[in-house]
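*Asks:* I'd like to ask you about the structure that follows.
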There are 2 protein chains.
Amino acid sequence: MDAEIRSQDTRTEPLAIVCGGGAVPAAVAEAALRAGRRVVLFAIRGWADPELVARFPHHWIALGQLGRFVRLARAENCREVVFIGSALRPSLRSMRFDLAALRHLPKAMAMFRGGDDHLLTATARLFEDYGFRLLGAHEVAPEILMPEGAMGQLQPGARENADIARALALIHAIGPFDIGQGAVVADQYVLAVEAAEGTDNMLARIVELRRLGRIPTPVGVGVLVKAPKPGQDNRFDLPAIGPKTVAEVARAGLAGLAVIAGRTIVAEPALVALAAQRAKIFVVGLRDAPR
Amino acid sequence: MDAEIRSQDTRTEPLAIVCGGGAVPAAVAEAALRAGRRVVLFAIRGWADPELVARFPHHWIALGQLGRFVRLARAENCREVVFIGSALRPSLRSMRFDLAALRHLPKAMAMFRGGDDHLLTATARLFEDYGFRLLGAHEVAPEILMPEGAMGQLQPGARENADIARALALIHAIGPFDIGQGAVVADQYVLAVEAAEGTDNMLARIVELRRLGRIPTPVGVGVLVKAPKPGQDNRFDLPAIGPKTVAEVARAGLAGLAVIAGRTIVAEPALVALAAQRAKIFVVGLRDAPR
């Protein structure tokens, strides 16, 4: 594991947390608070969960309201920013650009060409132009990272390890194309490759194909593997799993789920272990390959 | 183009056509008849279209009834066999093995490990063990192959050509994993990669993601590319397109569809051109890369 563990941060300026969807943003905010750091959430309208956001000091912003973010974050005295939570790659038409963003419009338009990595790197640069420092969620909350080894009692067997190896090789091969971070392999047969649809939809597809008799392997065979793309910037868009992922893997009739230890966010570790135990699937953190 | 064009075959022994789903098997049978060759269809129960099959001399067989096929094909005096039509990779449980197949069971089980290529190559060897010769559909019906250039009047533009190039590179990269033969790329962003779900389902996914606002590119941008895997045996499982594919590409809001000339089957070329014209999408046969 090579996660950068920062010493406990006691600076008085609050951490700005730009929140996408899911349970992870709240987990990061709580971890930062536990570490003695104040937080202000900037909840993205349509993505962030209002109930979770309400538990912390927060502002709502629309996607593209860069000027509003800069103004509010400066007023809050924030200098460090974390991007966290599931981000559905937005449709250009759904975006509202404010004046500050419009000034960057040519850059913003370029962000939408190419894949996710490109979009995220360009976004980071935009924030840095305004004097903010971007941190990875794992830097402020290292305890949200997946540990090495199995969560819960089940371990992958020989067949599962072979499927994991094939899925990892596949994810590595598609790395240059900046696609998704997931694949499903069952008994060496690649059932699904994740692209724009996201992990949830990919797993729902397995459920449907199985119902139609188009999955050649029986229930209990196969793995979901999620791994960051090669060369991916760890400051955003690390793969994330939670109890819901475990439930979906079980529903898809797979044996388990493998991710990269230290480079995967686990939303609610205790619930993940419990869900894995109940569903009788394994959840394993693989030792990261040397980069 | 390097399609092997065989001289018109006037042998009296009929050609055995093992039929999967879709309109292509009937197109191949008609082409063989036009070339002066008699045909006997071996329609796979659950896959082949009963209406199309009824137009030709035929027998119904269940998947796994190797012994029944061998007996019937020998009685019909067939020595050459073509496999054609969409084959949904079967679930092991849905298969019924007859005695001849059971004798090959260890081999048959091994066929189900790994991807489609492996399955198909193993199937071919099984038939050859029984003294049959496997032909590619294009060898008996070269006119069913996609020609080079555009069908209909629309041509891909510069953006479309760039998307086609990216999709081809992606399909090449996943070749060793023996996955699907298709990908959707829009403005350099990989929207979908085909695996076990098939092209129809992949395109339906684009329709759904677009409805949810999760496709960043506007309607009219993006391409579907289908290409054989590198090193694929041309005798079976060439990518196929038909009027339905064109309709689905249009419904997915893409600009067009590109396939490899000489290595793609076109079910009903006239209808494909007409459908493309009506839907205002391009359908183009790319010059095959040297292998």
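*Asks:* Go through region A:131-165 and count every residue that is among the polar types (S, T, N, Q) and touching a residue at least 24 places away in the same chain (Cβ under 8 Å). If you could, list the steps in order and put the result at the bottom.
*Replies:* At the first step, the residues of region A:131-165 found to be among the polar types (S, T, N, Q) are A:153, A:155, A:161.
Imposing the further condition that a residue be touching a residue at least 24 places away in the same chain (Cβ under 8 Å) reduces the set to A:153, A:155.
So the count comes out to 2.
*Asks:* Same structure, new question: Taking the conditions exactly as written (of a type in the set (Phe, Trp, Tyr), crowded, with 18+ Cβ neighbours inside 10 Å and out of contact with any helix residue (DSSP H, G or I) (no Cβ under 8 Å at 6 or more places or on another chain)), does B:Phe69 satisfy them or not? Explain how you work it out, then say what you get.
*Replies:* Numbers: of a type in the set (Phe, Trp, Tyr): yes; crowded, with 18+ Cβ neighbours inside 10 Å: yes; out of contact with any helix residue (DSSP H, G or I) (no Cβ under 8 Å at 6 or more places or on another chain): yes.
Yes.
*Asks:* Only residues that are of a type in the set (Gly, Ala, Ser) and within 12 Å of chain B (Cβ to nearest Cβ): list them for region A:152-164, please.
*Replies:* First pass over region A:152-164, keeping only residues of a type in the set (Gly, Ala, Ser): A:152, A:157-158, A:162.
Scanning region A:152-164 gives a single hit, A:Ala162.
*Asks:* Before we move on, is A:Pro156 assigned to a loop (DSSP other than H, G, I, E, B) and surrounded by 17 or more Cβ atoms within 10 Å (Cβ to Cβ)?
*Replies:* Values: assigned to a loop (DSSP other than H, G, I, E, B): yes; surrounded by 17 or more Cβ atoms within 10 Å (Cβ to Cβ): yes.
Considered against the rule, which asks whether it is assigned to a loop (DSSP other than H, G, I, E, B) and surrounded by 17 or more Cβ atoms within 10 Å (Cβ to Cβ), A:Pro156 comes out as yes.
*Asks:* Hey, does region B:71-85 have a residue that's at pLDDT below 60, touching a Phe, Trp or Tyr at 6+ places or on another chain (Cβ under 9 Å) and more than 14 Å from chain A (Cβ to nearest Cβ)? Let's see the steps before the verdict.
*Replies:* Filtering region B:71-85 down to residues at pLDDT below 60 leaves none.
Checked region B:71-85: no residue is at pLDDT below 60, touching a Phe, Trp or Tyr at 6+ places or on another chain (Cβ under 9 Å) and more than 14 Å from chain A (Cβ to nearest Cβ).
*Asks:* Next question, about the same structure. Suppose we filter region A:179-199 for residues that are within 7 Å of chain B (Cβ to nearest Cβ) and at positive phi; how many remain? Write out each step before concluding.
*Replies:* So in region A:179-199, the residues within 7 Å of chain B (Cβ to nearest Cβ) come out as A:179, A:187-193, A:195-197.
Filter once more, so that each one left must be at positive phi: A:187-188.
The qualifying residues number 2.
*Asks:* Do we find a residue being within 11 Å of chain B (Cβ to nearest Cβ), farther than 14 Å from A:Ile281 by Cβ and without any contact (Cβ under 8 Å) to a residue 60 or more places away in the chain anywhere in region A:217-224?
*Replies:* yes
*Asks:* Scanning for something modelled with pLDDT under 90 and of a type in the set (D, E, K, R), does region B:155-174 turn up at least one residue?
*Replies:* Pass one, region B:155-174, residues modelled with pLDDT under 90: none.
No - not one qualifying residue is present in region B:155-174.
*Asks:* Picking from B:Asp178, B:Asp187, which residue would you name as being surrounded by fewer than 24 Cβ atoms within 10 Å (Cβ to Cβ), in contact with a Gly (Cβ under 6 Å, 6 or more places away or on another chain) and not hydrophobic (A, V, I, L, M, F, W, C)?
*Replies:* It is B:Asp178.
*Asks:* Anything in region A:269-284 that is of a type in the set (A, V, I, L, M) and either outside the structural domain of A:Gly253 (by TED's automatic domain parsing) or in contact with a Leu (Cβ under 8 Å, 6 or more places away or on another chain) (or both)? List them, or say none. Full working, then the answer.
*Replies:* First pass over region A:269-284, keeping only residues of a type in the set (A, V, I, L, M): A:270-276, A:279, A:281, A:283-284.
A:Ala276, A:Ile281, A:Val283, A:Val284, listed by residue number.
*Asks:* Something else now. What's the number of the condition A:Val39 fails, among (1) surrounded by fewer than 18 Cβ atoms within 10 Å (Cβ to Cβ); (2) within 16 Å of A:Gly136 (Cα to Cα)?
*Replies:* Evaluating A:Val39 over (1) surrounded by fewer than 18 Cβ atoms within 10 Å (Cβ to Cβ); (2) within 16 Å of A:Gly136 (Cα to Cα) leaves (1) as the failure.
Here is a yes/no grid of residues against (1) crowded, with 24+ Cβ neighbours inside 10 Å; (2) of a type in the set (S, T, N, Q); (3) away from every other protein chain (no Cβ under 11 Å):
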| residue | (1), (2), (3) |
| --- | --- |
| A:Asn201 | no, yes, no |
| A:Arg235 | no, no, yes |
| A:Ala252 | yes, no, yes |
| A:Gly256 | yes, no, yes |
| A:Gly262 | no, no, yes |
| A:Ala267 | no, no, yes |
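The values are calculated or read from the model by the stated rules, or taken from the named source; none is laboratory data. All values reported here derive from a predicted model rather than from experimental measurement. When we count neighbours, we look across all protein chains shown, and the Cβ atoms used for this are built from the backbone with ideal geometry, even at glycine.
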